[in-house]
Amino acid sequence: MSGYIYCFSNVIYPDYLYIGASSKKPNERADELYTEGLLTPFKIEFAKQVSSLDGKLITIHKLLTKMGERVNPTRDFFLIPRENVENLFDLIDGIPWVPITKDISESSWLTLMDKVKVLVKQDNPKANEFQLNQLKMKIAGSLKGRFGEGVEPTLEMVRECMEPVTTVPV
């Protein structure tokens, strides 16, 4: 199965890197990992698209454990210099993943957020204001990352971005 191998960082864990693999694009996976328990989202340091994920992550984790320290054997966090991980990624066959980044003006962002809130409210009529705002922030960021600045969100696009986000319990 093809997919992505990625290296994420988070300002909450300044000395640690999160190295993982997924069939999802790195920005989608980072969105998934940004849950209520984290104050800040993960930053994608670098990633590679590979033709086959089979066994790659296990091998990479074994090598990283020898080059640095794996904090917990059941978690993908490593205490290792970024340059070492980058050098290891250079040895992996694949295509470097580059996010589509487009600057968005503040007014465009606010307009997008308002439209997303209306659509989220349609799907979650019993959600309170706090719950709606939580979903709105995640979905608007995901829409911007996936579709770019000038996106005119549809209900389907919002629902697609909600898939990795659990719906609000009411």
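Worth pointing out:
- Looking only at the stretch 12-51, and only at residues there that are of a type in the set (Ser, Thr, Tyr) and closer than 17 Å to PRO96 by Cβ, the one that is modelled with the highest pLDDT: SER22
- Subset of the stretch 59-95 [within 21 Å of the chain's Cα centre (by Cα), farther than 24 Å from TYR13 by Cβ and loosely packed, with under 12 Cβ neighbours inside 10 Å]: ILE95
- Scan the stretch 25-74 for residues that are of a type in the set (D, E, K, R), over 18 Å from ILE95 (Cα atoms) and not in a loop (DSSP other than H, G, I, E, B) and the total you get is 7.
- Lone qualifier among GLY20, GLY3 - being touching a residue at least 12 places away in the same chain (Cβ under 8 Å) and under 24 Å from GLU69 (Cβ atoms): GLY20
- Residue that is farthest from PRO81 (Cα to Cα), among those in the stretch 1-58 that are β-branched (Val, Ile, Thr) and over 11 Å from the mean Cα position of the chain (by Cα): VAL50
- Once the stretch 130-170 is narrowed to residues that are at pLDDT below 75 and of a type in the set (Val, Ile, Thr), the residue that is surrounded by the most Cβ atoms within 10 Å (Cβ to Cβ) is VAL158.
- The set of residues in the stretch 86-127 being among the polar types (S, T, N, Q) and either part of a loop (DSSP other than H, G, I, E, B) or at pLDDT below 80 (or both) consists of THR101, SER105, SER107, SER108, THR111, ASN124.
- Long-range neighbours under 9 Å by Cβ, at least six apart or interchain, first residue in contact (Cβ under 8 Å) with a residue 40 or more places away in the chain and more than 16 Å from PRO26 (Cα to Cα) within the stretch 36-61, second among the charged types (D, E, K, R) and not in a loop (DSSP other than H, G, I, E, B): HIS61/ARG70
- Selection within the stretch 41-80 - in contact with a helix residue (DSSP H, G or I) (Cβ under 9 Å, 6 or more places away or on another chain) and charged (D, E, K, R): LYS43, GLU45, LYS48, ARG70, ASP76
The values are calculated or read from the model by the stated rules, or taken from the named source; none is laboratory data. Given the structure is predicted, the values throughout are model-derived calculations rather than measurements. Please note: Cβ atoms are built from the backbone with ideal geometry, for glycine as well, and neighbour counts cover all protein chains shown.
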